[in-house]
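Peer 1: This is the structure I want to talk about, given as C-alpha cells.
The values are calculated or read from the model by the stated rules, or taken from the named source; none is laboratory data. Quantities reported herein were computed from a predicted structural model and do not represent experimental measurements. Heads up, the Cβs are rebuilt from the backbone with ideal geometry, glycines too, and the neighbour counts pull from every protein chain shown.
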Amino acid sequence: MHGPVRPIARLIEAFARLPGIGPKTAQRLTFYLLRAPNEVSLELAAALSELKESVVFCSVCFNIADEDPCNICGDGGRDHSIICVVEEPLDVLALERARGFRGVYHVLHGALSPMDGIGPDDLKIAPLLTRVRAGDVSEVILATNPNVEGDTTAQYLTQLIRPLSLRVSRIARGLPMGGDLEYADEVTLAQAMENRRTL
C-alpha cells in the first residue's frame with residue numbers, strides 16, 4: 001500500500017507539528033488546501049512568510065510586535081510605573097481586550113516547570129528584574145495562569161521583587177461572570193470567598 005504523494009505527506013507532517021492539531025486534522029487541512037482555489041494557498045503562504053519576516057519581539061517587554069519598541073511600550077499615555085507580568089503574548093491580547101489596564105506588560109514566554117525542565121534561565125525573568133531595578137516602577141502585577149506552574153512562577157517572582165521595596169500584587173481569582181455557583185469547583189469557590197471585596 002502506497003502512502004500519500006510526497007508534497008501532501010510533507011504538509012500533513014508540518015500541520016501535525018502545530019499545537020492542538022492531530023494527524024486527522026492535519027490531513028483535513030491539507031486536503032482542504034489541495035481542493036481550494038490557488039489564492040487560498042498562496043494567501044496562507046504569504047501570511048506565513050510575512051509573519052516570520054515582519055514580526056519581532058519588543059526589546060522592552062518581549063511581546064510580539066511589528067516594531068521595536070511595541071506600541072504599548074512606546075505609548076506615553078500609559079502608566080509605565082505599573083508592570084503586569086504575563087506568561088504569553090496571548091495573555092496581553094486578553095488583558096487588552098478587557099480594556100481595564102493602562103500600565104505596561106512583561107511577557108515571560110512560559111512558566112517555571114521543573115518537571116518539564118523549564119527553569120528561571122529559560123524565561124524572560126532577568127530582563128524583568130533589570131526593568132524593575134532601573135527605577136520608576138511602583139508596582140508589579142503578577143498575572144500568571146492559575147495553575148501549579150503559574151503559582152510557582154508568581155511565588156518565585158515575588159521572592160525576587162519584594163526585597164526591592166515595590167508593591168507586588170497577584171490578579172484575583174474567582175467565579176466567571178454569568179457562572180453558576182453549583183458548577184464551580186471547590187478551589188474556585190474558596191478563592192472567590194477569599195478575594196471578596198467590600199461593597
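Peer 1: With a cut-off of at least 2 residues that are modelled with pLDDT of 95 or more and within 22 Å of C58 (Cα to Cα), name the helices (runs of 4 or more DSSP H) lying wholly within region 99-199.
Peer 2: 125-133, 148-161
Peer 1: Right, something else. Restricting to region 33-44, count the residues that are within 27 Å of I64 (Cβ to Cβ) and surrounded by 11 or more Cβ atoms within 10 Å (Cβ to Cβ).
Peer 2: 5
Peer 1: Here's another thing I want to ask about it. Residue under question is S49, and the condition is that it be in a helix (DSSP H, G or I) and either at pLDDT 95 or above or out of contact with any Gly (no Cβ under 7 Å at 6 or more places or on another chain) (or both); does it hold?
Peer 2: When the stated conditions are applied, S49 passes them.
Peer 1: Is it the case, given these coordinates, that G74 is surrounded by 12 or more Cβ atoms within 10 Å (Cβ to Cβ) and either without any contact (Cβ under 8 Å) to a residue 24 or more places away in the chain or under 18 Å from L157 (Cα atoms) (or both)?
Peer 2: yes
Peer 1: Regarding L95, is this residue of a type outside the set (D, E), in a helix (DSSP H, G or I) and surrounded by 16 or more Cβ atoms within 10 Å (Cβ to Cβ)?
Peer 2: yes
Peer 1: While we're looking at this one, here's another question. Exactly one condition in (1) in contact (Cβ under 8 Å) with a residue 60 or more places away in the chain; (2) under 30 Å from P7 (Cα atoms) is not met by L18; state its number.
Peer 2: L18 satisfies all of (1) in contact (Cβ under 8 Å) with a residue 60 or more places away in the chain; (2) under 30 Å from P7 (Cα atoms) except (1).
Residue-by-condition table, conditions (1) touching a strand residue (DSSP E or B) at 6+ places or on another chain (Cβ under 6 Å); (2) closer than 22 Å to L95 by Cβ; (3) exposed (fewer than 12 other Cβ atoms within 10 Å of the Cβ); (4) in the same structural domain as A94 (by TED's automatic domain parsing):
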residue: A143; (1), (2), (3), (4): yes, yes, no, yes
residue: T153; (1), (2), (3), (4): no, yes, no, yes
residue: D180; (1), (2), (3), (4): no, no, yes, no
residue: Y183; (1), (2), (3), (4): no, no, yes, no
residue: V187; (1), (2), (3), (4): no, no, yes, no
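Peer 1: Please identify the pairs in which a residue from region 133-148 that is within 9 Å of I171 (Cα to Cα) has its Cβ atom under 7 Å from the Cβ atom of a residue that is assigned to a loop (DSSP other than H, G, I, E, B) and among the β-branched types (V, I, T), counting only partners at least 6 apart or on another chain.
Peer 2: The qualifying pairs are I141/I171; A143/I171.
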